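The values are calculated or read from the model by the stated rules, or taken from the named source; none is laboratory data. Predicted model only: the values in this text are computed from it and were never measured. All Cβ positions, even for glycine, are placed from backbone atoms using ideal geometry, and neighbour counts span all protein chains on display. The accessibility values were calculated without ligands, DNA or RNA, using every heavy atom of the protein model including side chains. Shrake-Rupley method; radii C 1.70, N 1.55, O 1.52, S 1.80 Å.
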Amino acid sequence: MPVVSHNDQSAVPRVCQDIGALSAQPHLLFVDDEPVLRNLMAQRLGGNGFDVVEAETGERAMELLDQFAFDIVITDLRMPGMDGTQVIEAARERYPGIIAIVITGYGTVKDAVEAIKMGASDFIAKPFQFDELLHVLRKALEQRRLAAENAYLRSQLEERYQFGGILGRSRPMQALFQLLETVARASSTILITGETGTGKEVVAKAIHHNSPRRANRFVALNCSAIPETLLEAELFGHVRGAFTGANTTRQGRFEQAHKGTLFLDEVGTMSTALQMKLLRALQEREFERVGDNQTIKVDVRVIAATNSELARMVQDGSFREDLYYRLNVINVQLPPLRERREDIPVLAKHFLSHFSPDAPAHLSQGAMRSLMAYPWPGNVRQLENAIERAVALSGGRTEIEASDLPPELHGTPAPTATPFVEFPEDGLDLPLYLSSIERDLITRALERTRGNRNKAAELLRIKRTTLVEKLKRLGGE
Ligand SMILES: Nc1ncnc2c1ncn2[C@@H]1O[C@H](COP(=O)(O)OP(=O)(O)OP(=O)(O)O)[C@@H](O)[C@H]1O
Ligand SMILES: [Mg+2]
């Protein structure tokens, strides 16, 4: 017979609080073939805020599990017919997050261990006191609350560090994610600008996949990869016999992208004649296939990308001004990687697990330092290639060394980099470290303002005199 303690009041308030976080009244299934114990426990649990349903056999528990969603199942292990481990297995299969607690008789602790391996949260040995059971429940509820909280926090973090496969924790990327979220919903034409490898194509795809057009096609066309003579047919399609080699009638990319998104990559390379046709297609959403005079109407969102300076091309007359404004309704500008170095560790980690998925390697401090110091003229693509190469060269080692990185990364002078510091085992010299960051940022501010101290002080939000003082102290004078 179990001994039931009546001295459990102290436990009640906390349990109720935990329960509150879970649901107003957690649904608990109590499975035991011993009616006295079962009734008594059910009654006391009921008095402590639980909604208890009793089952006298494993079979009955199964039926109940099929009919109701329970938060908690408490089950005796040894029962005639279906035993407790089977109940737990079935309960966890139906409700993966369920709290399962096993009650064992004397000498069956080994079985309880087995039950834990199968996913029971805890066990309690007979005879037990009610407040022992309450304590075990409280612990399990607390663990579940923490797990849920962690999962939530993790999802928040992941959300913040990426948007549709675009990774970035830096301020410019955070701002970009916000902008993308808004522009994805509309249908306006977008011009993505940025140096090579900054992720223009990734951004275009992310916009499409987060837009109401996502169920339809994302069609990409690299305007620089196709000879000018064929580009028009590629964009607008052609009819049979329109030109030599046009043996069939073909749809162009505009038609293929109907109701979806057309991504025009390297749009700066288009001839002025074709620019005019594109302008009309953008303005009127209509065009003719090459060799045909039937007008085709489409509903297409256009996203264009360029790594050439279109604005400058407009000035020197090589790009139509009207087309520029048609394309540049919304401008998404991707900053070069060297201007958002905080993204380097995030991206590096992502590429490491991409290229060594089974056992993701990590970067030595030296390797990370080299990555942080390098100016990355090829931006994210170059970083991706560097990591791929390093993983291949490391031959399965768990740590990537600086020497595994491409030669151009070796010996890059660090002063222009945001210092990256992994907190060493034996600590670090904080004042020294902080002054090195300070020196670095001041140097960069002065570089950006071409040595103009007034402007540098403005960028750093400090007074000019403070800047001069700091320069003296840091040995910059
Ligand atoms: N923010 C990012 N997060 C994850 N991967 C990225 C990011 N930016 C770029 N990449 C990866 O870097 C590579 C280059 O990106 P992408 O092709 O989009 O660059 P791009 O700007 O179009 O370059 P180019 O001007 O040379 O065409 C791709 O493999 C892409 O997946
Ligand atoms: Mg590209």
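For the range 89-97, indicate whether the set of residues that are closer than 19 Å to R138 by Cβ and without any contact (Cβ under 8 Å) to a residue 60 or more places away in the chain is non-empty.
Looking for residues that are closer than 19 Å to R138 by Cβ and without any contact (Cβ under 8 Å) to a residue 60 or more places away in the chain, one finds at least one in the range 89-97, hence yes.
Among the numbered conditions (1) more than 16 Å from ligand 1 (Cβ to nearest atom); (2) open to solvent by 20 Å² or more (accessible area, probe 1.4 Å), tell me where A367 comes up short.
The failed condition is (2).
Taking only the range 378-392 into account, find how many residues are away from ligand 2 (no atom under 16 Å from the Cβ) and either open to solvent by less than 70 Å² (accessible area, probe 1.4 Å) or of a type in the set (K, R) (or both). Talk me through it step by step, then tell me what you get.
First pass over the range 378-392, keeping only residues away from ligand 2 (no atom under 16 Å from the Cβ): 386-392.
Adding the requirement that they be either open to solvent by less than 70 Å² (accessible area, probe 1.4 Å) or of a type in the set (K, R) (or both) leaves 386-387, 389-391.
Total satisfying the criteria: 5.
If I filter the range 286-305 down to residues being open to solvent by 30 Å² or more (accessible area, probe 1.4 Å) and assigned to a loop (DSSP other than H, G, I, E, B), which single residue comes out as farthest from F236 (Cα to Cα)?
Per the stated criteria, the residue is D299.
For the range 80-103, enumerate the residues that are outside any helix (DSSP H, G or I) and over 11 Å from L29 (Cβ atoms).
Within the range 80-103, P80, G81, M82, D83, P96, G97, V102, I103 qualify.
Given the residues S308, S318, which is the only one that is assigned to a loop (DSSP other than H, G, I, E, B), at pLDDT below 95 and within 16 Å of ligand 1 (Cβ to nearest atom)?
The unique qualifying residue is S308.
May I ask you to verify whether E422 is at pLDDT below 90, under 24 Å from the mean Cα position of the chain (by Cα) and open to solvent by less than 80 Å² (accessible area, probe 1.4 Å)?
Yes, satisfied.
Evaluate the following for G395: is it more than 16 Å from ligand 1 (Cβ to nearest atom) and either closer than 24 Å to M173 by Cα or open to solvent by 10 Å² or more (accessible area, probe 1.4 Å) (or both)? Steps first, answer last, please.
Details: more than 16 Å from ligand 1 (Cβ to nearest atom): yes; either closer than 24 Å to M173 by Cα or open to solvent by 10 Å² or more (accessible area, probe 1.4 Å) (or both): yes.
Considered against the rule, which asks whether it is more than 16 Å from ligand 1 (Cβ to nearest atom) and either closer than 24 Å to M173 by Cα or open to solvent by 10 Å² or more (accessible area, probe 1.4 Å) (or both), G395 comes out as yes.
If only one of V219, V202, V183 is in a helix (DSSP H, G or I), touching a residue at least 12 places away in the same chain (Cβ under 8 Å) and more than 9 Å from ligand 1 (Cβ to nearest atom), which one is it?
Answer to the check: V183.
Looking only at the range 331-350, which residues are touching a Lys or Arg at 6+ places or on another chain (Cβ under 7 Å) and assigned to a loop (DSSP other than H, G, I, E, B)?
Passing the criteria: only E342.
Given the criterion modelled with pLDDT under 95, away from ligand 2 (no atom under 16 Å from the Cβ) and touching a Lys or Arg at 6+ places or on another chain (Cβ under 6 Å), identify the matching residue among P375, P360.
P375
Just a yes or no: is a residue in the range 237-250 surrounded by 16 or more Cβ atoms within 10 Å (Cβ to Cβ) and touching a residue at least 60 places away in the same chain (Cβ under 8 Å)?
no
Please give the number of the condition H238 fails out of (1) within 11 Å of ligand 1 (Cβ to nearest atom); (2) in contact with a strand residue (DSSP E or B) (Cβ under 7 Å, 6 or more places away or on another chain).
(1)
Just to check your reading of the model, which residue among Q162, Q174 is free of Cβ contacts under 8 Å to residues at least 24 places away in the same chain and near ligand 1 (Cβ under 9 Å from one of its atoms)?
After ruling out the rest, the residue left standing is Q162.
Can you name every residue in the range 157-212 that is within 13 Å of ligand 2 (Cβ to nearest atom) and either open to solvent by 60 Å² or more (accessible area, probe 1.4 Å) or among the small types (G, A, S) (or both)?
Correct list: G194, E195, T196, G197, G199, E201, V202, A204, K205.
Of the conditions (1) of a type in the set (G, A, S); (2) on the phi > 0 side of the Ramachandran plot; (3) within 16 Å of ligand 1 (Cβ to nearest atom), G245 clears all except one; give me its number.
Among (1) of a type in the set (G, A, S); (2) on the phi > 0 side of the Ramachandran plot; (3) within 16 Å of ligand 1 (Cβ to nearest atom), the lone unmet condition for G245 is (3).
Consider G241 carefully, then state whether it is small (G, A, S), touching a Gly at 6+ places or on another chain (Cβ under 7 Å), at pLDDT below 95 and assigned to a loop (DSSP other than H, G, I, E, B).
On the way: small (G, A, S): yes; touching a Gly at 6+ places or on another chain (Cβ under 7 Å): yes; at pLDDT below 95: yes; assigned to a loop (DSSP other than H, G, I, E, B): yes.
For G241, the condition - small (G, A, S), touching a Gly at 6+ places or on another chain (Cβ under 7 Å), at pLDDT below 95 and assigned to a loop (DSSP other than H, G, I, E, B) - is met.
Consider L167 against the criteria (1) within 30 Å of L310 (Cβ to Cβ); (2) without any contact (Cβ under 8 Å) to a residue 12 or more places away in the chain: it satisfies all of them except one. Which criterion is unmet?
Against the list (1) within 30 Å of L310 (Cβ to Cβ); (2) without any contact (Cβ under 8 Å) to a residue 12 or more places away in the chain, L167 comes up short only on (2).
Give the residues of the range 265-285 that are touching a helix residue (DSSP H, G or I) at 6+ places or on another chain (Cβ under 8 Å) and open to solvent by 40 Å² or more (accessible area, probe 1.4 Å), sorted by residue number. Step through it out loud before you land on a result.
Here is the first cut: in the range 265-285, the residues touching a helix residue (DSSP H, G or I) at 6+ places or on another chain (Cβ under 8 Å) are 265-271, 274-279, 281-283.
Residues satisfying the conditions are E266, T269, M276, K277, Q283.
Scan the range 254-299 for residues that are basic (K, R) and either in contact (Cβ under 8 Å) with a residue 60 or more places away in the chain or within 16 Å of ligand 2 (Cβ to nearest atom) (or both) and jot them down.
Within the range 254-299, none qualify.
Output the residue which, of all residues in the range 153-180 that are of a type outside the set (V, I, T) and not in a helix (DSSP H, G or I), is modelled with the lowest pLDDT.
Across the range 153-180, the extreme among qualifying residues is Q162.
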